[in-house]
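Trainee: Handing you this structure, nothing more for now.
FYI, it's all coordinate maths here, none of it is from the lab. Because the structure is a prediction, the values reported are computed rather than measured. Cβ coordinates were reconstructed from backbone atoms using ideal geometry, including for glycine residues, and neighbour counts include every protein chain displayed.
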């Protein structure tokens, strides 16, 4: 899969192509249905397949002071999109210039002149272009002249709940990981590089792998039951927050994961953390001993949880 960053790096596609556009935040079951259609049509018609993404996501650009929570960062989207053997991901920088581009110009200048689309596959509610004036009706009108096909993917429902990024964000904030997993088709996870901390966990007897979290990370602060994937699968526990027990530590939001029954060195390694259940809120502890006692209790709760329930990302 080839990743093209920016329209200026995009050369004209000589053959017809199969295209889809969106934020793909979460790459949830609805997105997966769309990606499957892109792949299947590309394979059937022997045409290159192209996914168009935006960075930042449009709502992040327009609400930069208070952006919506983000389910997946760019590299995580790429991980799941490439499972569908997509040929090209075009990542368009969403800036003031692009936000003022009319829907009609977007279709003609990019989709037709650059990508030479033959098929465009989009969700029913898809809007695009300046002031979101572009929709399926406009595509249908322009397609008559430029001879491309529009395939509309209807909304997907799981247990009468619409599969959408909005609903996934909602359930993440409500700590309803069962519903999140149902809509994503997999447990919620994040990928990050392990950074050096201040070794406090190690001195307590509970060493941790620390990941700095992005500002609009979608989970509440607290303690969670997790799986950590790095070459193999480890069970563990993590704290998300600002470490309130140690007031001299800069208040940077991080994830600290303690892996059970292992002493592997993960510094500077990329790991994926799957989160299954929130155990408690982040708390302040007035002494080291009280913190150690609570961690011991948390580990017992998480161990019981993993021993009791069926867990794990789908293979």
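Trainee: For the chain, what is the mean residue ellipticity at 222 nm derived from helices alone (per DSSP H run of n ≥ 4: -39500 (n - 2.57); sum divided by total residues; nearest 500 deg cm²/dmol)?
Mentor: The per-residue figure over the chain is -8000 deg cm²/dmol.
Trainee: Here are some values of semi-axes √(5λ) of the Cα gyration tensor in Å: (1) 25, 23, 21; (2) 42, 19, 17; (3) 28, 22, 21. Which one was computed from this structure?
Mentor: Of the listed options (1) 25, 23, 21; (2) 42, 19, 17; (3) 28, 22, 21, (2) comes from this structure.
Trainee: Based on the Kirkwood radius over alpha-carbon pairs, what value in µm²/s does the Stokes-Einstein equation return for the translational diffusion coefficient of segment 1-51 at 37 °C and 0.692 mPa s?
Mentor: Translational D for this selection: 271 µm²/s.
Trainee: Output the relative contact order of the chain, whole-number percent, from Cα pairs under 8 angstrom with separation of 6+ residues.
Mentor: It comes to 16 percent, rounded to a whole number.
Trainee: Which of the three applies to segment 187-308, rounded, prolate or oblate, going by the alpha-carbon gyration tensor with a ≥ b ≥ c and a/c under 1.5 meaning rounded?
Mentor: It is rounded, given that a/c, with a ≥ b ≥ c, falls under 1.5.
Trainee: What FRET efficiency do you get for residue 130 and residue 1 if R0 is 30 Å and r is their Cβ-Cβ distance, rounded to the nearest 0.05?
Mentor: The computed FRET efficiency comes out at 0.50.
Trainee: Compute the length gained on full extension between residue 193 and residue 137: take 0.36 nm times their separation in residues and subtract their Cα-Cα distance, giving the result in nm to one decimal.
Mentor: Gain in length upon complete extension: 15.8 nm.
Trainee: Quick one: helix 288-308 against the long Cα principal axis of the chain, what's the angle to the nearest 10°, folded into 0 to 90?
Mentor: 60 degrees
Trainee: For the pair residue 220/residue 46, report the inter-label distance in nm, with labels modelled 7 Å from Cα in the Cβ direction.
Mentor: Distance between label points: 5.6 nm.
Trainee: How large is the Kirkwood hydrodynamic radius of segment 2-155, in angstrom, based on all distinct alpha carbon pairs?
Mentor: In segment 2-155 this quantity evaluates to 15.7 Å.
Trainee: Angle, helix 29-45 long axis vs. longest principal axis of the chain, Cα atoms, 0 to 90°, nearest 10?
Mentor: Result, in degrees: 40.
Trainee: Moving on. Once label points are set 7 Å from the Cα along Cα→Cβ at both residue 113 and residue 294, what is their separation, rounded to one decimal in nm?
Mentor: 6.0 nm
Trainee: Hey, another quick one. Which order do the peptides 118-125, 55-62 take when ranked by the mean count of other beta-carbon atoms within 10 Å per residue, highest first?
Mentor: Order by mean packing, descending: 118-125, 55-62.
Trainee: Applying 1/(1 + (r/R0)^6) with R0 = 30 Å to the Cβ-Cβ distance of residue 159 and residue 265, what FRET efficiency is obtained, to the nearest 0.05?
Mentor: In this case the efficiency is close to 0.10.
Trainee: Contour minus end-to-end for residue 307 and residue 231, with contour as 0.36 nm per residue of separation and end-to-end as the Cα-Cα distance?
Mentor: Length gained, residue 307 through residue 231: 25.1 nm.
Trainee: Once R0 is set to 22 Å, what does the formula 1/(1 + (r/R0)^6) return for the Cβ-Cβ distance between residue 65 and residue 97, expressed as a FRET efficiency to the nearest 0.05?
Mentor: About 0.60, to the nearest 0.05.
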